[in-house]
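In what follows, a single structure is set out as structure tokens and then discussed.
The values are calculated or read from the model by the stated rules, or taken from the named source; none is laboratory data. The structure presented is a predicted model; accordingly, all values stated were derived computationally and were not measured. Methodologically, a virtual Cβ is constructed for each residue, glycine included, from the backbone with ideal geometry; neighbour enumeration extends over all protein chains shown.
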Amino acid sequence: MKKRVLSLLLLAAMAASLLALPAQAAAPSNRFYDLNGDAFMTVEPLRLMGIMDGYSDGNFRPNSQITRAQFCKMVVCALNAEDELGLYRTVTIYPDVKPSHWAAAYINMAAKGKKAISGFSDGKFYPDRTVTLGQAATILLRTLGYKDENIGGVWPDSYLSFAASIGLTDGLDTSLCNAPLSRADAAILFTNLLRADVQGEKSVSNFLTAAGLTVKQDMVLVSTNARGPDGKETAMQFSNGEVYQMAGDKVSNGSLNGLKGTLVLDGTRVRTFLPDARGESRVIHVARIDGYQITDRSGAKYTVTSDTTVFFQGAESSWGKASSWVNPGTTLTLYLGTAGNVEFIFVGGGDSSTEAVIVYERYSVKGFESLTGGVGGYTIYKNGCRATGKDMRPYDVATYSSATNTIRVCDTRLTGYYESCTPSPTEPATIRVFGHDFDVLVTARDTLAKFRPGDQITLLLTEDNKVAGAVKPGTMDASANAIGIATSVSGGSATVKLLCGVEVSGAVDLGPEAGVPDSVLQFRQEELSRMQNRLVRVTSVGKGYIGLVRLGGGVSGALDLEKKRLGASYLAETVNVFRYTPNGIDTITLDDLGPGPIPNGEISYAHTNWAGQVDVIAVGTVGKNATIYGRTSISMNDRDFSYISIYNDGGLAAGPFRSTYDIAGGVYVAAEVTDMGTGGFSSLKPLTALKDVPNASWTGQSAVTVDGRSYAIPVTVMAYNKDTKSWISPSETQSIVEIAHAYAKKCDMYASDDGVIRVIEVGGDFR
């Protein structure tokens with residue numbers, strides 16, 4: 001295995017914040033409450049291997065020192081040699097280490113069995129003396145198979161110099177060779193040891209394999225609470241689909257999720273998971289998504305591609321497919337390559353939900369400290385937004401991320417019919433609703449046990465879409481609120497991608513067919529098909545069925561992007577923005593909307609959250625009788641009937657429809673379509689032409705003044721280049737408006753009756 005060492009940046013953080021504990025003290029928890037995120041994730045592999053553990057209060061305790069006895073235990077655990085301890089429990093090698101001493105077996109094995117440590121000149125061991133850095137480095141060099149004759153020179157200087165040459169002391173200040181070894185320094189030493197090579201008489205091998213363990217490199221850990229072969233939800237799942245049970249009934253805390261590294265197996269069970277050098281991965285909280293650029297809350301920007309691998313809910317996808325479901329506030333783990341490029345993304349920031357607290361009282365944080373183990377100073381995020389106790393509402397669900405010391409609150413509720421479960425209704429591990437299998441937290445099984453397949457049920461979901469509880473539909477303050485995009489509507493079935501990231505599906509009830517005219521049945525089917533690529537609310541109409549309600553109706557007030565307001569309401573930090581086009585719906589950002597106000601006529605839907613802030617916006621018109629803007633094209637059939645088609649920057653927007661409208665080709669129009677399939681135009685009207693508008697008339701990108709009248713320029717404005725005979729598309733750095741403005745000193749504009757510029761035309765002989 002290629003040797004890797006921790007980054008100096010991380011090691012500096014470790015030295016400042018990492019705390020360890022006596023090897024004999026057993027921690028009741030898999031969390032270390034007094035560690036920061038990076039140190040926490042670094043020490044976790046050592047905890048899983050039994051090398052380091054926590055005090056009974058779950059802390060590491062900073063700057064504590066390691067005794068010689070404790071260090072011997074760490075060495076034996078690192079060597080995977082606990083099974084041999086029985087040979088050394090009843091022998092006495094040193095007069096001050098009787099068989100009754102708690103560490104007698106470890107000391108005897110380290111000294112006699114592994115020949116890694118020796119006593120003092122008076123024949124005693126002095127187990128309670130602190131071990132120095134020089135002594136610790138010497139012990140580990142011997143553990144790696146190096147002999148005194150390999151090193152030579154003066155002790156401890158020559159030993160520390162040699163240790164540095166093989167990376168054993170990377171990140172440590174070796175000038176303090178005679179200083180007592182701190183717990184933080186011990187963690188660094190042993191982490192480097194696990195990545196080192198063993199020096200044998202005839203060959204060199206990796207330390208872990210020499211200890212009888214099996215290693216699998218370049219593994220991506222996606223879950224630490226997967227169901228393992230023994231049925232316990234304590235197994236590790238990897239991106240390649242492999243699942244391994246933890247050895248020794250260890251339970252991982254999830255802090256290693258999303259990292260790439262080396263899986264260490266003892267037989268078929270996980271001994272530990274050793275991430276690749278820290279510093280190559282980074283946990284961020286998304287502030288903004290701009291196509292292929294991710295901006296975190298610190299302002300740092302990361303560039304990805306459409307093909308960048310994304311791991312989400314245990315499945316492998318790509319950024320091109322998953323980006324629309326990564327919203328502001330989402331926690332991402334980015335794995336960075338040697339050039340700083342993002343090699344893959346893990347949706348999540350460490351801990352996967354294993355337990356949750358449900359809020360039952362308004363403004364209540366009751367139970368939150370039970371999640372943290374009494375640790376204070378945590379930050380609350382609700383639906384990805386910074387929040388306080390005053391933002392809590394009944395049936396909110398709270399989980400804890402120890403890696404970031406944050407309480408993650410979610411208010412997603414989904415009402416449907418209970419279709420099935422595994423393994424049993426009394427102790428469900430999963431429950432199927434709307435064709436999706438939801439994982440059930442252990443803390444939720446009592447509430448789920450009150451329901452049976454066939455019941456209508458409202459699920460209370462965590463931020464990572466696990467079931468934290470359930471209530472009967474109609475429960476006050478627990479109404480369903482899950483919305484999404486109908487990605488597939490075909491025949492009598494539909495699939496919806498919820499904004500929380502879950503995909504649900506089912507058959508669609510189109511109503512009775514007996515005695516109903518064909519025209520009515522056709523109308524029902526057409527109404528259903530119009531929901532394709534639209535925002536919908538999911539409803540429950542029966543087991544195996546899904547109901548869809550189109551979301552729309554417009555809003556009152558304009559969208560002021562400068563003030564971050566829609567009418568009288570402020571925008572949420574994590575607002576989701578969508579744009580309707582003739583070809584469907586696109587996920588965009590506020591920056592894509594340009595700097596100016598967006599008139600309310602351009603906004604088809606808006607949703608407000610618990611705080612009255614707008615968290616979903618859809619711009620553009622959609623549906624029956626929606627107005628379409630574009631350029632006409634006239635065609636004739638062999639019977640000299642005239643047909644009109646409308647083209648815009650999305651291609652064919654409507655038609656060809658037979659029409660009696662007396663209108664030429666190449667005219668910019670506003671059209672209302674009775675039916676996008678076989679219907680026609682209910683209205684067709686040329687836009688008002690504003691000729692030779694100079695660039696000086698523009699007010700930024702959002703407005704223009706012509707003959708004393710001000711016209712709004714919406715984000716949905718289109719631009720046509722007469723020279724190239726093509727529609728203008730935005731670039732990565734310039735909007736459509738910016739490109740049109742820069743092309744010529746003048747342009748023609750075409751406005752609708754409501755005073756909104758719909759088309760900009762540039763080019764031509766006189767421009």
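Candidates in segment 126-168 are the residues that are part of a helix (DSSP H, G or I) and among the acidic types (Asp, Glu); of these, the one that is modelled with the highest pLDDT is Asp157. Against the numbered list (1) at pLDDT below 90; (2) closer than 30 Å to Leu332 by Cα, Val467 comes up short only at (1). All conditions in (1) touching a residue at least 60 places away in the same chain (Cβ under 8 Å); (2) farther than 22 Å from Ser479 by Cα hold for Cys421, with the sole exception of (1).
Let's see how each residue does on (1) in a loop (DSSP other than H, G, I, E, B); (2) modelled with pLDDT of 80 or more; (3) assigned by TED's automatic domain parsing to the domain that holds Tyr302; (4) within 17 Å of Leu46 (Cα to Cα):
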residue: Gly231; (1), (2), (3), (4): yes, no, no, no
residue: Gly241; (1), (2), (3), (4): yes, yes, no, no
residue: Gly248; (1), (2), (3), (4): no, yes, no, yes
residue: Gly254; (1), (2), (3), (4): yes, no, no, yes
residue: Gly258; (1), (2), (3), (4): yes, no, no, no
residue: Val264; (1), (2), (3), (4): no, yes, no, yes
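Here segment 531-547 is the region considered, the condition is being outside any loop (DSSP other than H, G, I, E, B) and within 27 Å of the chain's Cα centre (by Cα), and the residue that is surrounded by the fewest Cβ atoms within 10 Å (Cβ to Cβ) is Thr539. Residue-level check: of (1) surrounded by fewer than 16 Cβ atoms within 10 Å (Cβ to Cβ); (2) free of Cβ contacts under 8 Å to residues at least 40 places away in the same chain, Gly113 misses just (1). Restricted to segment 732-762, and to residues there that are out of contact with any helix residue (DSSP H, G or I) (no Cβ under 7 Å at 6 or more places or on another chain), part of a loop (DSSP other than H, G, I, E, B) and free of Cβ contacts under 8 Å to residues at least 60 places away in the same chain, the residue that is farthest from Tyr629 (Cα to Cα) is Thr733. Consider segment 426-453 and keep the residues that are buried (at least 17 other Cβ atoms within 10 Å of the Cβ) and in contact with a helix residue (DSSP H, G or I) (Cβ under 9 Å, 6 or more places away or on another chain). The one that is modelled with the lowest pLDDT is Ala429.
Of all residues being modelled with pLDDT of 75 or more and in a helix (DSSP H, G or I) in segment 316-362, which is farthest from Ser401 (Cα to Cα)? Just the residue, please. Looking at the filtered set, the residue picked out is Gly320.
Of all residue pairs spaced 6 or more apart or on separate chains, those with beta-carbon atoms under 7 Å, a first member in segment 453-464 that is on the phi > 0 side of the Ramachandran plot and a second member that is assigned to a loop (DSSP other than H, G, I, E, B) are Gly454/Lys543. Of all the residues in segment 368-408, those that are in contact with a Gly (Cβ under 8 Å, 6 or more places away or on another chain), among the hydrophobic types (A, V, I, L, M, F, W, C) and assigned to a loop (DSSP other than H, G, I, E, B) number 1. Filtering segment 677-693 for residues that are more than 47 Å from the chain's Cα centre (by Cα) and at pLDDT below 85 leaves an empty set.
State yes or no: is Ile289 under 30 Å from Val496 (Cβ atoms), at pLDDT 80 or above and assigned to a strand (DSSP E or B)? Answer is no for this residue.
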